Amino acid sequence: MLRQIAMLLCLVALAGCAARGMVAMAPEATPGTVERIVYVGTTRMADAGRLFANTRSEELSFGAFTVSIPPNRAPGVIAYPKGQPDPGRQFLMRSARMFDHPSAFTAALARDIAARPRGKRAAVVFVHGFNTNFAEGLYRSAQLAHDFGIEGVAVHYSWPSAASPFGYGHDRDSALFARRGFAELLEALIAARPDELLIVAHSMGGLLTMETLRHMALAKPGRVAREIDGLILLSPDIDVDVFRAQVRDIGAMPQRVVVFTSQRDRALSLSARLSGSRDRLGNIRNVADVADLNVTVLDVTGFSTGMGHFTAGTSPDLFRLLRDVPTLQQAFDSGAAGRPGLLPGTVITVQNATAIILSPLTALARQ
C-alpha cells in the first residue's frame with residue numbers, strides 16, 4: 001500500500017508540473033501555421049469562460065472548431081497557450097461554431113465529406129482518456145489528424161473528465177455516464193455517410209468506446225461490424241476479462257481492431273494496482289490472454305519514455321513508422337521474426353498470430 005501511495009504521489013507531482021491546455025483564440029492567420037477543422041460532440045457542461053467545463057451534461061452539444069497548428073515542431077508535441085497567444089509556437093483556436101440540432105451537425109459534416117475527393121472521405125473519431133480537459137482533447141485531436149496525415153474529417157468526442165490527477169474514480173464514472181452521448185455522436189456520424197468510420201480511443205476512453213459498441217451490438221446484433229470499419233485502442237485502461245466479455249457481447253467486431261500496448265506504461269501499472277488486477281489491456285504481459293480474439297496487439301514498449309501512457313500519439317519515431325501502414329501490414333503478413341529492413345530503423349517481431357512487437361533498431365544489439 002505504501003508503494004502504491006508513493007507511486008500516486010509521483011504521478012501527481014509530474015502532472016502538477018505540466019502546463020494545462022486552455023482555449024485561446026489566435027489573433028489572426030499566421031504564415032506557416034496549418035489550420036485543421038475538428039468536429040466535436042461533447043457531454044460537458046457549457047462554460048462561457050472555458051467554452052466547456054469539466055462537469056457533466058445530460059445533453060450532447062455539437063460544434064466545429066478550427067485549430068491553428070504551429071510550424072517547426074516535433075510530431076506528437078503540443079505547446080499549450082499561456083500568456084500572450086503565439087501562433088508560431090502554440091496550438092490555438094481560430095474559430096468556433098456551435099450547432100443547435102444534431103441534424104445541422106450531420107448536414108455540415110456530410111457537406112465536408114462530399115466535398116473531398118474519393119479516397120479521402122473517411123471520418124476519424126478520437127476519444128480522449130483520463131485527466132483531460134476540453135482544450136487538451138481538442139488540440140490532441142487536431143495534432144493526431146495532422147501528424148498522421150489523416151485526409152478525412154477529424155471528429156472528437158469530449159466526455160466530462162474531471163481533468164484532475166486525483167479524479168480517477170470520478171472519471172471512471174464519467175466514462176460510463178458518457179456512453180449514451182457517444183452513441184448519439186456515432187449516430188450523427190453514420191448519418192453523414194462517410195466512406196469509412198474509424199474510432200481511435202485512448203486510455204479510459206477505450207473503456208467508454210467498448211461499452212458504447214457493446215450497447216450498440218446488443219440493441220442491433222451485427223451493427224458494429226457493418227457501421228464501424230476500424231477500432232484503435234491506445235493504452236486502453238480496461239480489465240482484460242472485461243474486454244473479453246465486451247468482445248463476446250459485441251460479436252462481429254470491426255474489420256480492423258488494433259490494441260497498442262507498452263510494458264513501460266506507468267499510469268496503467270498504477271491503475272492495475274489500484275483496481276487489484278494483475279494488469280490492464282494496455283500493458284498486458286501475456287498476449288495469449290487475447291490470442292483467440294480477432295484483434296492485433298502492437299507492442300511499442302521499446303519506444304516508450306516517461307510515463308509511457310500515450311506512446312503511439314507522442315513518439316516521433318513511431319509517427320514515422322505508423323504512417324507507413326502498408327509496409328507494416330506486409331511485415332505482419334510475412335511473419336517477420338526479429339529482423340530489420342521492412343521499416344527503416346525498426347526491428348519487427350511477429351510473436352504469434354495476434355501480436356507484433358516494434359522495437360528501435362538498437363534492440364538488435366541486445367539479441
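Summary table
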{"quantity": "Segment ARG273-LEU293, extension gain: residue separation times 0.36 nm, minus the distance between their alpha carbons", "calculated": "4.7 nm"}
{"quantity": "For VAL67, residues with placed amide H under 5 Å, excluding near neighbours", "calculated": "ARG36, ILE37, VAL38, ARG94"}
{"quantity": "Overall dimensions of the range 37-104 as given by Cα atoms, namely Rg and Dmax in Å", "calculated": "14.1, 40"}
{"quantity": "Sequence-distant residues sharing a close amide H with GLN263 (under 5 Å, placed H)", "calculated": "THR301"}
{"quantity": "Cα-based equivalent ellipsoid, the range 159-212: semi-axes from gyration tensor eigenvalues, Å", "calculated": "25, 11, 8"}
{"quantity": "Neighbourhood net charge (15 Å Cβ-Cβ; Lys/Arg +1, Asp/Glu -1) for LEU186", "calculated": "+1"}
{"quantity": "For ALA114, net neighbour charge (Lys/Arg +1, Asp/Glu -1) across residues whose Cβ lies under 12 Å away", "calculated": "+4"}
{"quantity": "Spacing of the two label points (7 Å from each Cα toward its C-beta) at ARG116 and ALA191, in nm", "calculated": "2.0 nm"}
{"quantity": "Å³ per residue enclosed by the Cα convex hull of the range 70-111", "calculated": "125 Å³"}
{"quantity": "Estimated inter-spin distance, THR55 and GLU35, nm [label 7 Å along Cα→Cβ]", "calculated": "3.3 nm"}
{"quantity": "Stokes-Einstein D for the range 160-297, Kirkwood Rh over Cα pairs, 4 °C, 1.567 mPa s (µm²/s)", "calculated": "84 µm²/s"}
{"quantity": "Total charge dipole magnitude, the range 138-205, about the Cα centre, Cβ charges on Lys, Arg, Asp, Glu only, Debye to nearest 20", "calculated": "220 debye"}
{"quantity": "Overall dimensions of the range 89-146 as given by Cα atoms, namely Rg and Dmax in Å", "calculated": "13.6, 37"}
{"quantity": "Packing rank of 145-154, 37-46, 53-62, where each peptide gets the mean count of other beta carbons within 10 Å, highest leading", "calculated": "37-46, 145-154, 53-62"}
{"quantity": "Ranked packing of 212-222, 183-193, most packed first, by mean Cβ within 10 Å", "calculated": "183-193, 212-222"}
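Rule-based calculations on the coordinates, nothing more; no lab input. In this text the structure is predicted, and so the values were computed from the model without any measurement. Positions of Cβ are generated from backbone atoms using ideal geometry, with glycine treated the same way; all protein chains shown enter the neighbour counts.
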